[in-house]
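Structure record follows, encoded as structure tokens.
FYI, it's all coordinate maths here, none of it is from the lab. Remember, it's a predicted structure, so these values are computed and weren't measured experimentally. Note that we place each Cβ from the backbone using ideal geometry, even for glycine, and neighbour counts take in every protein chain shown.
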Amino acid sequence: MSLGSERSESFFKNESTEFLFAGTRAGDRGCAEVLCHRLTPSIFLWIELYLRGAFKSRLATEDVVQEVWVRIFQLMPKTQPDKGSIRSWIWSVTRNVVHEAKRKACAKPTSPASPRWLGSQEGNAANEILAEQTSMTGRLHRLESAQLIREVVERLSEEQRQLLRLCGLEGRSVPEAAAILGLSRTAVEKRWQRLRAALSKRAVLQKIFDV
């Protein structure tokens, strides 16, 4: 995977996430940069929603976001999700990374091994993107938008957090979310509609729901 294209990021800004994913797998640097830029806020929000309690103080969301991107680039050459399932694959990778981070936080700290793919020629190219992604994640941490996301999450009830994660980010259907939450389909549909209408008024969340 050679991320060598120098085409402008603006060239890809209106393309679908599926297009960007395929372009990144094919080695297009522009696609990779836009994919990172587009998905990072959603991944950041997902982790903020998922990390609660003691883990919230042990794990920095920005560090976990960076590890998610390491894993995405590591697995991408070996993965070709069916059309329409890229969102599910991204959240599966994110969930696995968060679970691993939580286990490590409970265990004696160790130095993580570098992914084998990132040590290859392809990995050296991807490391350039990861370095840029690290910088972008750092900017997200310093910018007001990160704090605004955190403030939104803190104001939500546990049920609302789960609705936002399941329906807003993971794209689960109402029946799926109802089964997970133990609620009726009607209740989930009405509560999600109200929550989405309220959250959509917040500029920081307007472009996050559909990645």
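Legend: ranking of residues D63, D28 from fewest to most surrounding C-beta atoms inside 10 Å; resulting order D63, D28. The peptide list 149-158, 32-41, 164-173, put in order of mean Cβ contacts within 10 Å with the highest first, becomes 32-41, 164-173, 149-158. Spatially, the stretch 159-183 and the stretch 30-59 are offset by 18 Å when compared through their Cα centroids. Residue exposure proxy: E18, E67, ordered by other Cβ atoms within 10 angstrom of their Cβ from fewest to most, comes out as E18, E67.
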